[in-house]
1. So, of the residues in region 135-161 that are charged (D, E, K, R) and in a helix (DSSP H, G or I), which turns out to be surrounded by the fewest Cβ atoms within 10 Å (Cβ to Cβ)?
2. For residues that are modelled with pLDDT under 70 and charged (D, E, K, R), scanning just region 2-49, find the one that is surrounded by the fewest Cβ atoms within 10 Å (Cβ to Cβ).
3. I need a count of the residues in region 349-367 that are of a type in the set (Phe, Trp, Tyr) and in contact (Cβ under 8 Å) with a residue 40 or more places away in the chain.
4. Within region 136-145, does at least one residue satisfy the condition of being modelled with pLDDT under 85, charged (D, E, K, R) and within 30 Å of residue 290 (Cβ to Cβ)?
5. Please determine whether any residue of region 338-358 is modelled with pLDDT of 85 or more and over 20 Å from residue 283 (Cα atoms).
6. Here is a list: 210, 199. Which entry is among the polar types (S, T, N, Q), at pLDDT below 80 and surrounded by 16 or more Cβ atoms within 10 Å (Cβ to Cβ)?
7. Among the residues of region 344-361, which ones are farther than 13 Å from residue 331 by Cβ and surrounded by 15 or more Cβ atoms within 10 Å (Cβ to Cβ)?
8. Being in a helix (DSSP H, G or I) and of a type in the set (Phe, Trp, Tyr) is the filter; apply it to region 72-116 and report the residue that is modelled with the highest pLDDT.
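The values are calculated or read from the model by the stated rules, or taken from the named source; none is laboratory data. Just so it is clear, the model here is predicted, and its values are computed rather than measured. FYI the Cβ positions are ideal-geometry reconstructions off the backbone, even for glycines, and counts take in every protein chain you see.
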Amino acid sequence: MCLEIGGCNNIFRKIMQSVYLATIFAGALVCLLSSLLLLVRRKSGERSRLILAIIVFFSVLNYIPRFIAVSKGYDPELVVSTKMLLIGNFMVVSYIMYPIEVIRPGWLNFSRIVQLYAFWLFLLTLYLITYFAGVRYNSYSSLPEMIANVGPFEVWFCLFLCLLLFTPGLLVIFIQRIGHNSNTDRVWLKKYASAFYINILAYLMLLTFNHPLVHTLYYYVSVGCSLYIVYMELFDRLLAETADESVLQEAFLRRTTPFATAIVASKNAALAERLDAYMRNNSAWRDPDLSLTRLASALYTNRTTLSQTIQECGYENYTQFINRLRIHDFVQQAGSGLSSNYQEAFFFVGYRSRNTALRNFKQYTGTTPSDYFQKRQAGATFQ
């Protein structure tokens, strides 16, 4: 009887190992194809898909060593180990970069990325120093087993890493604060946060229960969440933007002809083309914090060169350039009913002050929004 039970356990173990191996391989393949699809479908100058593609590819790099270890009959690195917890925290911080770039295109530069990873780099440095100083970091099969051995520094360090898996995720909830008056869909952000936390909770289950079935299910959940985020990026988040772009097309066509002519005559034609593409693809004027300095940084140039290029393209200065784009956008938003009122439309296109917006509108149209749209119904257009 005992032999029969032992034989059944061996068969079950082999089946679960085969399923686990197939799951890791499928997960790595799906993530690889997803990252490639994001790169292929990426627009010129768009960094959000590039960042998401790199993040998803990190998962591939995480899956491959485990697949190789399991396929060769070795035991993979236990999930409740300092190395794996550091990798988990790295992935959590990485997933924060993507919504930041979506909400504030171009806001992330090298300095801010370093700041984002600063605490993780500190923990990595602390781990390496203590490791080479002789601290022995044991691996555990589950979180309860590690808690049972609490006391030494290395155990407290691992518990702290487990806690940190959740704290960066709180940024997703409050991240829209850096993008106030952004055109980002709040529903999309909530969906992203939900998928993000489901993945973290699944990882917590993996840390708590050391069972082959839990390990296998975790990969299904993790890959599923990644696929859902990729799907939202490709087919959900940009649906509203696509509608906006179609509405804005008429305004852009009216503005493009002189701008395109100016690009040819500009001494900095390449920069003028990058500027035009960046503004079109990112609707950058909708960012109320956009400045000449930030725009120059996003285009990898300096303020003087960018200002000169803007003037060569027919604008007196940067302020006139941005205000023209915002007023064009406002006309489309308010005129098509995409915004419920004028004030909402003004804030949507990047204005913080209603009085400033009204003053600029009157400067470029010669009238108030109410009078303008009445005349427009009679056949007048905004040039």
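1. Here the answer is 145.
2. This residue is 4.
3. The qualifying residues number 2.
4. Checked against the condition, which is being modelled with pLDDT under 85, charged (D, E, K, R) and within 30 Å of residue 290 (Cβ to Cβ), region 136-145 yields no hits at all.
5. yes
6. 210
7. 347, 350, 351, 358 - these are the residues of region 344-361 that are farther than 13 Å from residue 331 by Cβ and surrounded by 15 or more Cβ atoms within 10 Å (Cβ to Cβ).
8. For region 72-116, the residue satisfying everything is 90.
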